[in-house]
Structures are given as structure tokens and as C-alpha cells.
Amino acid sequence: MQKFLLAIDRISTVIGQTFSWFIVALTLMISWEVFSRYVLDAPHPWAFDVMIMMYGTVFMMAGAYTLSKNGHVRGDVLYGFFPPRLQAGLDLTLYILFFIPGVFALAWAGYHFAGESWAINEHSNVTADGPPVFPFKTILPLAGGFLLMQGVVEIIRCILCLQTGEWPKRGEDVEEVDVEKLKQMVNVKDADIAQLDAYVVKHEGGSK
């Protein structure tokens, strides 16, 4: 079971990391459009629509990845103080009552929106020569499907935690800097840092 959970985590991770490159493309596009508009005096009417669709694509396709890393923002400040079984019970209830129905509705409605958009070859009507919208609307059912897949994995994690009292492990990924590990890597001790702080304070006081 753990191998299955980690396999789905890896799929969500690959998808999220792949679409994260849209941020680089979006940054380059915005930079070029600003240069083209204000330096070359040659703005592109379709650029704004494309930027919005690129950002929306990143936002939606990163949903399953963020869920796999337990990275979504929680509104309950008390959640972190609860024991694992209580956390799992709350999560399981919320997944069943709200997450699954909501994401299923997103995937189902998105499927129909995308189908209609492809059928009429829909383009943005904000400008006369608007870019096609149907590729962007196709992201709706895709993002919903991946979220549902990861949501099922999270529900299984909740059930396992209720049984064992411990949360199952998640796949490793890029983490924030671990200060203690960084100290070990450069062979710096807390005493060395304290001495350096005292040295700086002493000489700053002397300079005044």
C-alpha cells in the first residue's frame, strides 16, 4: 500500500514540476512584452490573455502536487496541536464532505466546458484577434482528474493513520533550508556563532 501511495505522489510531483516551468516561460513573456510595448512601441493585444491562461494553468496543475506534499494552507490554527488520529478523522470528514464532491464537480463541469470550447473553436473575445481558449479549458478536467487521484491517496492515508496512529510517509522533495543540517555541513557550532555575535557587538560598541 505504501508503494502505491508513493507512486501516486511521484506522478503528482512530476506533473507539478513539469508545469512549474510555465513560470519561467511566463516571466520571459512578460519581460518581452514590457520591452516590446515601451521600448519598441509594438504591443501585442493577445499577450494579456495568454499570460492569464499560462498562470491559470500553473495554478491548477500544481494543485495535486501541493496536496501530495501536504502544502495547502489550513485555516485551523489548532490543527497542529491535535494527535494524529484526530487530525486524520477531521481530514477524512472534510475530504468526503467537501473535497471529493467539489473536485468531482470541477472535473465534470470542466469536461463539458472543454468539449464545447473545442466544438466551436473558441477564441478569446477580449481582442479582435484573441488567442484560442480551448487548450486552457482542457486543463480544467485534467487538473480535476489529477486532484481526484491524489485526493483518493490522501483519504487512504487518513484511514491508515486512524488504524496505526501515525501518518504514512510521503515522498521526499525540495525542502526549506534545515539550519541544523547546514551547521553540520560547514562544521559550525552554536558556541562559534555565539562568539562571533559577541565579537560583532563588542566592536560595534567600540566604534560608536
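The values are calculated or read from the model by the stated rules, or taken from the named source; none is laboratory data. What you are looking at is a predicted structure, and each value in this text was computed from that prediction instead of being measured. Note that we place each Cβ from the backbone using ideal geometry, even for glycine, and neighbour counts take in every protein chain shown.
Overview of values
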quantity	calculated
Verdict on Ala47 being assigned by TED's automatic domain parsing to the domain that holds Asn125, among the small types (Gly, Ala, Ser) and over 30 Å from Arg157 (Cβ atoms)	yes
Matching option when the condition is within 30 Å of Glu166 (Cβ to Cβ) and either at pLDDT 95 or above or hydroxyl-bearing (Ser, Thr, Tyr) (or both), among Thr93, Thr57	Thr93
Given (1) more than 29 Å from Ala128 (Cα to Cα); (2) touching a residue at least 12 places away in the same chain (Cβ under 8 Å), number of the condition Phe81 does not satisfy	(2)
Output for region 72-85, where each listed residue is over 21 Å from the mean Cα position of the chain (by Cα), assigned to a helix (DSSP H, G or I) and loosely packed, with under 10 Cβ neighbours inside 10 Å	Phe81
Options Ile96, Ile156, Ile139, Ile100; residue that is over 23 Å from Met54 (Cα atoms), touching a residue at least 40 places away in the same chain (Cβ under 8 Å) and under 19 Å from the mean Cα position of the chain (by Cα)	Ile100
Check on Val50, farther than 27 Å from His123 by Cα and β-branched (Val, Ile, Thr)	no
Of all residues in region 120-166 being modelled with pLDDT of 90 or more and among the acidic types (Asp, Glu), the one that is farthest from Phe82 (Cα to Cα)	Glu122
Subset of region 86-123 (residues that are polar (S, T, N, Q), assigned to a helix (DSSP H, G or I) and under 25 Å from Phe134 (Cα atoms))	Ser117
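Yes/no per residue for (1) in contact (Cβ under 8 Å) with a residue 12 or more places away in the chain; (2) assigned to a helix (DSSP H, G or I); (3) among the hydrophobic types (A, V, I, L, M, F, W, C):
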{"position": "Leu6", "(1), (2), (3)": "yes, yes, yes"}
{"position": "Ile11", "(1), (2), (3)": "yes, yes, yes"}
{"position": "Gln17", "(1), (2), (3)": "yes, yes, no"}
{"position": "Phe22", "(1), (2), (3)": "yes, yes, yes"}
{"position": "Leu28", "(1), (2), (3)": "no, yes, yes"}
{"position": "Glu33", "(1), (2), (3)": "yes, yes, no"}
{"position": "Ser36", "(1), (2), (3)": "no, yes, no"}
{"position": "Leu40", "(1), (2), (3)": "no, no, yes"}
{"position": "Phe48", "(1), (2), (3)": "yes, yes, yes"}
